[in-house]
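Here the structure is laid out as structure tokens; the discussion comes afterwards.
Just so you know, all these numbers are worked out from the coordinates, no wet-lab data involved. Computed from a predicted structure; not experimentally measured. A quick note on method: Cβ atoms are made from the backbone with ideal geometry, for glycine too, and the neighbour counts reach across all protein chains shown.
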Amino acid sequence: MPTGSAFGPWQSYLMDMDGVLVHEDEPIPGADRLLTLLEQAGRPFLVLTNNSMYTPRDLAARLARIGLAVPEQSIWTSALATAKFLHEQRPGGSAFVIGEAGMTTALHDVGYTLAGSDPDYVVLGETRNYSFELIARAVALIDRGARFIATNPDPTGPSPTGPLPATGSVAALISASTGVAPYYVGKPNPLMMRSALRRIDAHSESTVMIGDRMDTDIVAGLEAGLETVLVLTGISDRDSAQRFSYVPTHIVESVATLADALAAEPPPAPA
């Protein structure tokens, strides 16, 4: 399995947030240096997250509080990708949403209205307040013909007390009740990766995906034609990575290794 001996150089960077740049509310060592070096080198980058709870502005503020400078335009969430997808599929539509401000704001920004009856879509996102009442309402609307969309398939999410049920788990409950499977827009759907590449005008041949999960980040990068780097500061470790039928291009301890490699690149030749 590759171990990270010969990097890039990559012209553009896509990277997950939790487990790559931050762990809970603490920056991962080397994250600030990598971001600074990318900015200094003029390398476009985008922070991707399947978390649909927060707006890019919220996330940029959260990162700034712990010393990581990421402009809000450099953050791409599954909520933004979902809203973009729905706008392209059915402009000016309506949705019943289980989720937080990140999801509802993204839908409002593309001209969608929120509807509690006869919506075009039921959209399931991330929230810390899943309620039986809302889930039952979603089941009834899907039974009556609403299309079922979920922002991501992650079954659990991190918390200070351990894993919590996340969008994928609740989607499974709704699917079991309706017999309707959701369409997942976020990672590992290559749709999210392609929209991210277009966001920074990048090409797959010269872009890397950095992530901590084999089942979302790495497979998403692989299926989008990117080189991939698995960092060992999040979900997947070396042993669990070996059990997948695909491998990342590189495995490194943390983003600090990538920062070292970027710092060691020779300066570009004068024009």
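Work from the charge dipole of the chain (Cβ charges, +1 for Lys and Arg, -1 for Asp and Glu, about the Cα centre) and give the residue of LEU124, ALA95, SER12 farthest towards its positive end.
ALA95
Suppose the chain between ARG128 and SER245 were pulled fully straight at 0.36 nm per residue; how much longer would it get relative to their current alpha carbon spacing?
Contour length minus Cα-Cα distance gives 38.8 nm.
Report the calculated FRET efficiency for GLU88 and ALA181 (r = Cβ-Cβ distance, R0 = 25 Å), to the nearest 0.05.
0.75
Using only the Cα atoms of region 90-215, each taken as one equal point scatterer with no solvent, compute I(q) by the Debye sum, divide by I(0), and report log10 of the ratio at q = 0.14, 0.20, 0.21 Å⁻¹.
With no solvent term, the Cα-only Debye profile gives -0.67, -1.20, -1.27.
Run the numbers for GLN73 and ALA172: contour at 0.36 nm per residue of separation, minus the present Cα-Cα distance, in nm.
32.4 nm
Rounded to two decimals, what is Rg over Rh for the chain when you use alpha-carbon atoms and the Kirkwood radius?
Numbers: Rg = 18.8 Å, Rh = 19.1 Å.
Checking Rg against Rh, the ratio lands at 0.99.
I'd like the orientation of helix 132-143 relative to the chain: the angle between its Cα long axis and the longest Cα principal axis, in ° from 0 to 90, rounded to 10.
So the inclination is approximately 80 degrees.
If you fit an axis through the alpha-carbon atoms of helix 255-264 and take the longest principal axis of the Cα set of the chain, what angle between them do you get, 0 to 90°, nearest 10?
The two axes meet at around 40 degrees.
Can you tell me the 0 to 90 degree angle between the C-alpha axis of helix 56-65 and the longest principal axis of the chain, rounded to 10?
That helix lies at roughly 50 degrees to the long axis.
How much length is gained if the chain between ARG194 and ARG57 is pulled fully straight, taking 0.36 nm per residue apart and subtracting their Cα-Cα distance, in nm to one decimal?
Between ARG194 and ARG57, full extension yields an extra 47.1 nm.
Just flag the trypsin sites (Lys or Arg not before Pro) in region 168-271 sitting in loop per DSSP whose Cβ has no more than 10 other Cβ atoms within 10 Å. Spell out each step's value before the answer.
Details: sites: ARG194, ARG198, ARG199, ARG213, ARG238, ARG243; in loops: ARG213, ARG243.
Listed in order of number, the matching sites are ARG243.
Only helical DSSP H runs with n ≥ 4 go in: add -39500 (n - 2.57) per run for the chain, normalise by residue count and round the 222 nm mean residue ellipticity to 500 deg cm²/dmol.
-10000 deg cm²/dmol
Quick check: pseudo-label points 7 Å beyond the Cα along Cα→Cβ at ALA264 and HIS23, how many nm apart are they?
So the label points at ALA264 and HIS23 sit 2.3 nm apart.
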